[in-house]
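The values are calculated or read from the model by the stated rules, or taken from the named source; none is laboratory data. Just so it is clear, the structure is predicted and the values come from calculations on it, not from any experiment. Note that each Cβ is placed from the backbone with ideal geometry, even for glycine, and that neighbours are counted across all protein chains shown. Accessible surface areas use protein heavy atoms only, side chains included; no ligands, DNA or RNA. Shrake-Rupley method; radii C 1.70, N 1.55, O 1.52, S 1.80 Å.
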Amino acid sequence: MAPPPPPPAAALTWELADGIAVVTFDLAGEPVNKISRAVKQDVLATFEALERDAAVQAVAFFSGKPENFIAGADIEEFVALTSAAEAERLSADGQDLLERVARFPKPVAVGIHGACLGGGLEFALACRYRVASDHPKTQLGLPEVQLGILPGASGCQRLPRLIGARAALDIILAGKVEPARKAFRLGIVDELVHPAILKDVTLAAARRMAGGWRPKRKRRGGLGGWLLDGNPLGRRLVFRAARKQVLEQTGGHYPAPLAALDAVEYGLKHGFQAGLKREAQLFGQLAVTDVSRKLVQIFFATTALKKDFGMANPAPPPPAPVDVRRLGVVGAGFMGSGIAGTAVAQAGVDVRMKDADLPRVAKGLAAAREILDDRLKRRRITRFEHARLVALLSGGDGYAGFGRAELVIEAVFEDLTVKQQVLKEVEGATRDTAVFASNTSTIPIARIAEAANRPERVIGMHFFSPVARMPLLEVIPSERTAPGVIGTAVAFGRRMGKTAIVVKDSPGFWINRILTPYMNEAGHLLSAGVAIDDIDHLMVGFGFPVGPITLLDEVGMDVAEKVAGVMYEAFGERFTPSPAFAGMVKAGRLGRKAGKGFYTYVRGKKGGVDQAVYELIGVQPNGGPRPAEIIQRLVLVMLNEAARAVGEGVVRTPRDGDIGAIFGFGFPPFRGGPLRHADDLGAARIAGELERLAERYGARFAPCEVLQEQARANRKFYP
Ligand code: 3H9
């Protein structure tokens, strides 16, 4: 039997203005509006009252939150679902509610400002007229597949009918969120206006509709659109192409996009009502899958991280964290320019770059500007914003302009003496309160800080390359770094759009610590006669975006060799670098950037395996161990090191470790991260398999104490 409905939430209020009911959705005590069962009751009750009241001729609907419209269905309710049938009912209830909104006898206009996502957009789609503010915060989309589910409150039916199957699939299958401007171009919203007039324009639309006006919508996409979207044959082609693309992109690991495709296709073939039924069934099945649970955990972990500044909350001892408005960047190379360009593009701060000579600075500024050009090209910013942001970038061969910087990030050559020299120069050129951050990937921050007059203001900010695209930032305080300085670095990293984790100042920090044994193991497998592309294919099959050998080509063999050397020095035998990689740097095979590595590169495009590499390695492919053992060796060597590092406190929580691995190098999200995956496998099983591998291949596989202890006590990383 279905549980009784909860009492309505006190979320919706309304007042009458000249025949128009102005409804405001403002969920008390919550930062965002979300649609829970209780909110649904309130929506129902409110719409019933609006229908009964003869004075109400039309409805204008708004959010009472300053920064968001509706963030979707309440994700917490999914966590509590225990069966597919229960989840199907949740979806069907949502659909019923929105059917009532869509069939409401009086016209409804919505004014959208801020995030309008998932069930929030599905609600807006059920209304007759949509006005959106052209503010950057106004984003519309259906991100459900990112949570392992599908738009289950009629989104799979309404969106394709509004904007055509191709455009709708593009959004639904990738879980895309689009800025208001793009949503307007696509026909998702009817009007785009300045936030200051959003309310008036929405009210005016409601009033016009009350007077009998019916908005007309053009069929989008012209003749090509009709040929592909407007008839069954064309649609079949669209769906076939979409299915192929989904399978390529997900490797079959993520069931949600395929199910969403099914729900859309079924609805267009068999009609709206049949489509709703199918959508609810599929939603039910997806919501209780392990994949969806893992993706929801990642959502909550990422959200929790947004509030975690890696220091005592709320008020650490002085110095207090500072709001960075001017940034200095020393080193105008690939990393430095990436940091500078991303800081301007995301945080809108004034950036001053410095390098040894002006031609280098000019090159760095041009590279930083490319990040802004790219945003303009992709219409993420307007021409006006582009011009404003470009003007924030400047540079020189001295420290002029650094005096006012609150934060300076160095991205110079990975050498302790050079970094210490830069630190001293920066301290001389900046105020006493300025923070100095090193973008080192291997050198302990405490060592760099030995040269500092103000070691409490020295910290590590380890970005990943390319900075504009890689979402992770490791923030590394030394033991002497002041808590407020950690807060400054984390907050600024977040403003740059990064997910920041605070990690311990130990060799390789978190990411290189767990990645290096994995890369080394790939080398050992090469030496054992496994083909380069076999290793990569197997790990892509496991769920990584690219395999370890491709990753080496992307990172650069020179960089990888340096990291491997530092790690070996620090941890000894189990980090012995693979002999397979020894000749690569000498042979100039640095990877993509050199145009040759393990793979061939023609005009920047990756080709097949470069067969000449096998000669350099000294072993021709002979099949090597069984595929299952190849995967086992690569995965377990990483899990073992991850467990050991957790035991040493390299990450503060398993959450940080998992989010770091997912965002840092693409550990398969559907597995939840290396520590969740270890929990799923169980410590006893991992330790047993590691022991067997250690007997065959040596001590580098010996299970660490943390796993052994977990196996003995039947414990896990997560409760
Ligand atoms: C869906 O709609 C399914 C339907 O199709 C079908 C149903 C039948 N639920 O991120 P923030 C919390 S699926 C529950 O820091 P921001 C969040 O956890 C949904 N809680 O703010 C945090 O909680 P706390 C599809 C939610 O300004 C607080 O709100 N929608 C939800 O940086 C503040 O969040 C999505 O996937 C939610 N839906 O970003 C959108 N949303 O304070 C998910 C937020 O306790 N949400 N919370 O830590 C977002 O992307 C961002 O939160 C948003 C605001 C952009 C809205």
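Accessible surface of the stretch 361-514, 1.4 Å probe: 51 percent of it comes from carbon and sulfur atoms. Kindly report the accessible area of the stretch 12-288 per residue (heavy atoms of protein chains, probe 1.4 Å, no ligands, DNA or RNA), in Å². With all protein chains present, the stretch 12-288 gives 43 Å² per residue.
For the listed peptides 659-667, 431-439, a ranking on the average number of other beta carbons within 10 Å per residue, highest first, reads 659-667, 431-439. Cross-link partners of Lys716 among aspartates and glutamates, defined as those whose alpha carbon lies under 15 angstrom from its own and excluding same-chain residues fewer than eight positions apart: Asp658, Asp679, Asp680, Glu705. Dividing the radius of gyration of the alpha carbons in the stretch 511-713 by their Kirkwood radius gives 0.96 for Rg/Rh.
Remark: the Leu358-Arg603 segment gains 85.4 nm on full extension, using 0.36 nm per residue and subtracting the alpha carbon distance. The Cα atoms of the chain define a convex hull whose projected area, averaged across directions, is 33.9 nm².
Just check the stretch 326-502 against the gyration tensor rule for me: Cα atoms, a ≥ b ≥ c as the square roots of the eigenvalues, rounded for a/c under 1.5, and otherwise prolate or oblate depending on whether a/b exceeds b/c. Present the calculation step by step, with values, prior to reporting the outcome.
Details: a/c = 1.80, a/b = 1.44, b/c = 1.25.
Because a/c hits 1.5 or more and a/b exceeds b/c, the stretch 326-502 counts as prolate.
In a simple Cβ point-charge model (Lys, Arg +1; Asp, Glu -1; nothing else charged), the stretch 472-549 has a dipole of about 560 debye relative to its Cα centre.
Could you compute the FRET efficiency for Ser394 and His537, with r as their C-beta to C-beta distance and R0 at 41 Å, rounded to 0.05?
After rounding, the FRET efficiency stands at 0.30.
Taking the 1.4 Å solvent-accessible surface of the stretch 39-155 as the whole, the part contributed by carbon and sulfur is 50%. Once each part is reduced to its C-alpha centroid, what is the distance from the stretch 356-397 to the stretch 97-169 in angstrom? Rounded to whole Å, the Cα centres lie 36 Å apart. Positive end of the dipole of the chain (Cβ unit charges, origin at the Cα centre): among Val467, Leu639, Ala528, the Cα lying farthest that way belongs to Val467. Annotation: per residue accessible area for the stretch 511-713 equals 39 Å², rounded to a whole number [probe 1.4 Å, protein chains only]. With the Cα gyration tensor of the stretch 321-405 giving a ≥ b ≥ c as the square roots of its eigenvalues, does the rule (a/c under 1.5 for rounded; else a/b larger than b/c for prolate; else oblate) give rounded, prolate or oblate? Oblate, because a/c is 1.5 or more while a/b does not exceed b/c.
Binning the alpha carbon pair distances of the stretch 257-301 at 5 angstrom intervals from zero yields the distribution 5, 23, 24, 17, 13, 10, 6, 1, expressed in whole percent. Taking every DSSP bridge with both residues inside the chain, close to 30 percent are antiparallel. If R0 equals 35 Å, the separation of the Cβ atoms of Ile631 and Phe413 corresponds to a calculated FRET efficiency of about 0.40. Put a plus charge on the Cβ of each Lys and Arg, a minus charge on the Cβ of each Asp and Glu, and nothing anywhere else: the dipole of the chain about its Cα centre is then about 2360 debye.
Show me the ranking of peptides 389-400, 113-124 by mean Cβ neighbours inside 10 Å, starting with the highest.
113-124, 389-400
Taken along the Cα-to-beta-carbon direction at a fixed 7 Å, the label points for Ala49 and Ala713 span 5.4 nm.
Quick one: work out the % antiparallel among DSSP beta bridges in the stretch 12-288, nearest 5.
30
Placing unit charges on the Cβ atoms of the charged side chains and taking the dipole of the stretch 511-713 about its Cα centre, the candidate lying farthest along the positive direction among Val546, Val651, Ala713 is Val546. Based on alpha-carbon centroids, what's the gap between the stretch 468-540 and the stretch 697-711 in Å, whole number please? With the stretch 468-540 and the stretch 697-711 each reduced to a Cα centre, they are spaced 22 Å. Charges were assigned to the Cβ only: +1 to each Lys and Arg, -1 to each Asp and Glu. The resulting dipole of the stretch 356-515 about its Cα centre is roughly 840 debye. Here's the list of lysines a cross-link from Lys562 could span, going by alpha-carbon distance under 17 Å and ignoring same-chain residues fewer than 8 apart: Lys419, Lys586, Lys593.
Remark: the stretch 326-502 carries 40 Å² of accessible area per residue (probe radius 1.4 Å; ligands, DNA and RNA excluded).
Remark on Val110: its backbone amide H falls under 5 Å from those of Phe61, Tyr129, Arg130, Val131, a criterion applied only to residues 5 or more positions apart or on other chains, H modelled at 1.01 Å from N.
Taken one residue at a time, the phi angles of the stretch 560-572 give Karplus couplings (6.51, -1.76, 1.60, θ = phi - 60°) of 4, 5, 4, 4, 4, x, 4, 5, 5, 4, 6, 10, x Hz. Gly and Pro are set to x. A Förster distance of 41 Å, applied to the separation of the beta-carbon atoms of Lys586 and Tyr697, puts the FRET efficiency at 0.95. Highest average first, the peptides 18-27, 77-86 ordered by how many other beta carbon atoms sit within 10 Å of their residues are 18-27, 77-86. Each residue of the stretch 579-586 is assigned a 3J(HN,Hα), and the resulting list reads x, 4, 8, 4, x, 5, 5, 4 Hz, derived from the Karplus form 6.51 cos²θ - 1.76 cosθ + 1.60 (θ = phi - 60°), x at Gly and Pro.
Assuming a viscosity of 1.002 mPa s and a temperature of 20 °C, what translational diffusion coefficient in µm² per second does Stokes-Einstein assign to the stretch 22-78, Rh being the Kirkwood radius over Cα pairs? Using the Kirkwood radius from Cα pairs, D works out to 173 µm²/s. Starting from one equal scatterer on each C-alpha and no solvent at all, send me the Debye-based log10 I(q)/I(0) for the stretch 469-545 at q = 0.14, 0.24 Å⁻¹, two decimals. Debye curve over Cα of the stretch 469-545, log10 I(q)/I(0) at q = 0.14, 0.24 Å⁻¹: -0.64, -1.08. The stretch between Glu569 and Gln273, if pulled fully straight at 0.36 nm per residue, gains 100.0 nm over its current Cα-Cα span. Multiplying the residue separation of Glu648 and Glu86 by 0.36 nm and removing their Cα-Cα distance gives an extension gain of 198.1 nm.
Straight-line reach from Lys244: which aspartates and glutamates have Cα under 16 Å away, leaving out those fewer than 8 places along the same chain? Excluding near neighbours in sequence, the set is Asp170, Asp262, Glu265.
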